[in-house]
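J.: This structure is in structure tokens; I'll ask about it shortly.
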Amino acid sequence: MSLESQVAEVMSSAQFSHESIPILVKSVEEQIKGSTPLNFPANKALLKLYSSTLYTTSQLSPIKSLLLLSLSSSTEFSALLHILPSDALESCETLIAMGKKLEECDFVGFWKIEEGLESNNTLKESIRSRIIKDLSLGYSTIPESTFKSMLGCSANDSVPSFEDVEEVEGGNVVFKNTVYNSVKKGAKEQGIELERIVAIMN
Amino acid sequence: MSSEPKDEIPSAVRDFVFDLHDACRRSQRPEEMKALYSGVFVELSAKHYTHKPWPSAEEMSSECESDELFLNFYSELTTRHLFNNLRPTLNDKINAWKTYSSLFDQMLTLKDDTKADAFHVLPEWAFELIHEYVYQFQGFCQFRTHLAQRTAEEKELLEANKDVWDVGTVMKHLHGLIGASGLKTDPTGASAHGQSLYMMGYFAALSLSRLECLLGDFHGSLDALSCMNINEKGELYWNIFAARVSLSYHAGVSYFALRRYRDAAKTFSDMCSAINKGVNSGYLKRLTGYEQFMKLNDKMLAFLAIISLIQPAIKIEDSLSKVTNQMFGDKLAKVEGGDEGFDEIFSFACPKFVSPVVPDYKSSEEPRNLSAIAYSKQVRQCVDDIKSTSNLVRLRSYLKLYTSIDVAKLATFCEIEESAMANRVLALKKTICAQLEHQRKQGPPLAGTVVDHGDVGFHMAGSTVNVDPVVRGSKKTHRFFLNNVGSAKELAADVLQIPDFV
């Protein structure tokens with residue numbers, strides 16, 4: 001039976017059994033390698049199993065992996081943090097700080113403290129996608145150098161191609177126009193009725 | 001739980017058990033069951049069992065043809081009486097676990113029973129039964145994790161009964177009931193295998209939401225409600241006020257913890273308004289559990305007070321806003337002034353989070369209260385989120401004053417560095433534009449659409465923040481002026497008619 005089928009079976013009938021932990025841990029390992037897609041429900045189930053038993057250091061590596069995997073989604077990371085065993089908090093300090101930096105849009109600060117991403121390009125790219133989505137919400141244009149530092153790229157790297165980026169022009173990265181990052185055109189109608197004004201102007 | 005010799009059991013009590021069994025099995029008339037469950041049982045408890053438990057199931061078996069399923073329900077009912085009126089011992093807590101396990105294990109076999117529909121249970125009975133189950137689980141977690149207060153005998157008994165109130169089994173019971181009821185495939189219950197199984201499954205989903213909230217799985221808490229339309233009058237839970245209050249409170253807390261403040265505000269506001277109406281009409285005071293409703297009402301108002309401070313764009317109903325200002329105005333004013341205070345308000349408002357971990361009773365280390373640690377962790381994490389969001393309120397106020405402003409100038413106003421200011425502007429934009437909102441009557445509670453409710457629109461071009469002038473002027477103020485200009489003209493005409501005025 002493939003790992004995906006085993007995980008699906010665990011999730012349908014055995015997600016509260018501690019005997020399912022090895023399968024769920026294997027799933028996390030494969031997700032980190034990029035061999036299987038992200039599986040938030042299974043990762044959450046693993047963390048809940050850990051949070052229902054006394055903490056041991058053998059739990060730390062899978063916990064760190066699934067926190068790393070969830071960094072590309074603000075809601076998923078926050079949801080997992082609430083379930084994280086209290087005894088693992090100190091060991092996961094850096095990862096928690098990384099999540100906070102992303103939440104506060106301190107992207108430069110994030111790349112300064114990041115750990116665990118060095119050799120994992122898939123995860124790096126998914127986090128960069130999240131950063132660019134956030135940037136495209138608030139910026140119409142941003143200096144290229146600032147943009148690169150926010151993506152953890154060096155000054156010599158070319159600007160990565162992402163769907164939210166329109167073009168690079170005159171040293172600035174121009175984002176695609178959306179309702180969020182552009183001035184709303186046209187005045188809103190106030191619906192002033194002339195008859196009412198005339199009546200009170202006598 | 002034997003209480004008295006068989007021949008001393010009052011005949012009224014025997015008749016009650018006979019009648020209740022008959023109502024559940026044969027007549028199945030809700031009004032009859034309600035009169036027995038909510039009326040006769042309460043009267044007999046007050047008359048005969050104020051200071052002692054009800055007769056055991058074995059003693060009453062002759063009154064109900066030794067019907068095992070009914071006797072399991074009877075055992076649960078009398079267990080609840082014991083916990084609500086007497087001082088249960090550790091053995092009582094362990095026996096309660098056995099009672100619930102026996103009942104649920106038997107319920108789960110009903111899905112294969114061709115006569116499953118031959119047993120009916122009132123919706124309020126099903127709700128109160130499962131609500132109490134989760135309540136007892138919560139209490140037992142607090143009890144067993146508070147090691148410093150446990151005697152050596154208690155630790156020995158707990159060690160010998162490590163499986164009792166195990167969270168995995170509790171989850172299996174609740175999920176098992178939900179699955180067996182067919183609720184996920186058919187929420188209406190039309191294809192349910194038996195009325196009692198449907199009732200138990202339905203309220204298991206509601207109580208699962210509460211349990212997940214207490215364990216800190218806020219995502220799971222909302223997911224558990226996916227088989228029902230929350231805030232819909234037609235839903236089964238709507239007619240049981242205690243169920244409505246519990247659902248609204250825990251769903252609201254979950255939305256709040258997931259930073260879906262608009263959904264949290266809507267959930268809390270709707271429930272607080274309903275409680276307010278119930279108090280004013282006098283209806284609520286006649287219900288059992290009135291004090292608990294008012295406690296939860298105060299907690300929900302505290303959440304609304306926090307939301308109104310950290311998300312000023314979310315408008316709270318005037319009547320509720322008035323009450324929150326009266327109750328929490330002083331504390332919020334201190335917080336606005338820069339003092340610490342969110343911890344206190346949040347600790348008052350939040351549920352009693354617990355840890356489901358079974359401690360090491362034989363450990364020689366300094367005993368730790370794992371539930372208290374879990375509670376502190378949830379409070380700390382939520383308060384950190386609140387503080388991060390509240391940092392953005394001042395920025396929003398400044399943006400409303402300008403059409404465009406340099407990030408550097410904004411940074412000077414807020415007394416932070418320019419790079420940190422740019423991050424904060426972007427974070428504010430995310431808070432306004434990227435918040436999920438559940439659209440009523442559309443999809444489960446976890447689902448949502450990103451809706452831009454910002455009362456101030458802005459974006460950054462390089463190091464300049466451009467504020468959208470159209471959105472700033474979008475309030476329809478013309479009607480206000482037109483109405484008041486007309487009124488002022490009439491008033492002026494009246495004044496001029498006063499003799500000797502000029």
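Only the coordinates and a few stated rules stand behind these numbers; no lab work does. Only a predicted model underlies this, so the values are computations on that prediction, with no experimental measurement involved. We place every Cβ from the backbone using ideal geometry, glycine too, and count neighbours over all the protein chains shown.
J.: Going by a ≥ b ≥ c, the root eigenvalues of the Cα gyration tensor, does the protein assembly as shown fall in the rounded group (a/c under 1.5), the prolate group (a/b larger than b/c) or the oblate group? Don't skip to the end; give the middle numbers.
T.: On the way: a/c = 2.25, a/b = 1.40, b/c = 1.61.
The shape class here is oblate.
J.: Along the Cα→Cβ direction, 7 angstrom out, place labels at A:Glu115 and B:Asn84. What is the inter-label distance in nm?
T.: 5.3
J.: Calculate, in nm to one decimal, what B:Glu317 and B:Val379 gain on full extension: separation in residues at 0.36 nm each, minus their alpha carbon distance. Could the numbers behind the result be given before it?
T.: On the way: separation 62, 0.36 × 62 = 22.32 nm, distance 2.67 nm.
Result for the pair: 19.6 nm of gain on full extension.
J.: Based only on other Cβ atoms within 10 Å, what is the fewest-to-most ordering of A:Glu166, B:Glu128? If you can, show how the numbers build up before the last one.
T.: Working: A:Glu166 14, B:Glu128 23.
Lowest count first: A:Glu166, B:Glu128.
J.: With runs of 4+ DSSP H residues as the only contributors, calculate the mean residue ellipticity of chain A at 222 nm using -39,500 (n - 2.57) per run, divided by the residue total and rounded to the nearest 500.
T.: Details: 10 runs with 106 residues, N = 202.
It lands at -15500 deg cm²/dmol.
J.: Next question. Say R0 is 45 Å: what FRET efficiency, to the nearest 0.05, do B:Arg440 and A:Ser91 get from their beta-carbon distance? Each step should come with its number before you reach the end.
T.: Details: r = 43 Å, r/R0 = 0.94.
So, using R0 = 45 Å, E works out to roughly 0.60.
J.: Could you work out the relative contact order of chain B, using alpha carbon pairs under 8 angstrom and six or more residues apart, expressed as a whole percent?
T.: Contact order relative to length: 12 percent.
J.: Need one value for B:256-265: mean number of C-beta atoms belonging to other chains within 10 Å of its residues' C-beta atoms. Present the calculation step by step, with values, prior to reporting the outcome.
T.: Numbers: counts 0, 3, 5, 4, 1, 0, 0, 0, 0, 0.
Counting other chains' Cβ atoms within 10 Å and averaging over B:256-265 gives 1.
J.: Still on this model: Just how far, in whole angstrom, is region A:4-57 from region B:331-408 if you go by their alpha carbon centroids?
T.: So the separation of the two Cα centres works out to 29 Å.
J.: List, in the order given, every pair from A:Lys101/A:Lys124; B:Lys52/B:Lys285; A:Lys124/B:Lys430; B:Lys184/B:Lys233 whose Cα-Cα distance in the structure shown is over 24 Å.
T.: Working: A:Lys101/A:Lys124 15 Å; B:Lys52/B:Lys285 28 Å; A:Lys124/B:Lys430 21 Å; B:Lys184/B:Lys233 20 Å.
The pairs that break the limit, which is 24 Å between Cα atoms, are B:Lys52/B:Lys285.
J.: How long is the gain from B:Glu65 to B:Asp113 if the chain were fully straight, where each residue apart is worth 0.36 nm and the alpha carbon distance is subtracted? If you can, show how the numbers build up before the last one.
T.: On the way: separation 48, 0.36 × 48 = 17.28 nm, distance 1.88 nm.
Additional length available on full extension: 15.4 nm.
J.: Right, next: Using the charge dipole of the protein assembly as shown (Lys, Arg: +1 at Cβ; Asp, Glu: -1 at Cβ; taken about the Cα centre), state which of A:Ser119, B:Leu86, B:Val495 has its Cα farthest towards the positive end.
T.: B:Val495
J.: Additional query: When ranked by the protection proxy of mean other Cβ atoms within 10 Å per residue, highest first, what sequence do the peptides B:143-150, B:14-21, B:228-235, B:172-179 form?
T.: On the way: B:143-150: 17.0, B:14-21: 19.0, B:228-235: 15.1, B:172-179: 21.6.
In decreasing order of mean packing, B:143-150, B:14-21, B:228-235, B:172-179 become B:172-179, B:14-21, B:143-150, B:228-235.
J.: Name the residues of region B:42-84 whose amide N is less than 14 Å from a point 7 angstrom out from the Cα of B:Arg25 along the C-beta direction?
T.: So the set is B:60-74.
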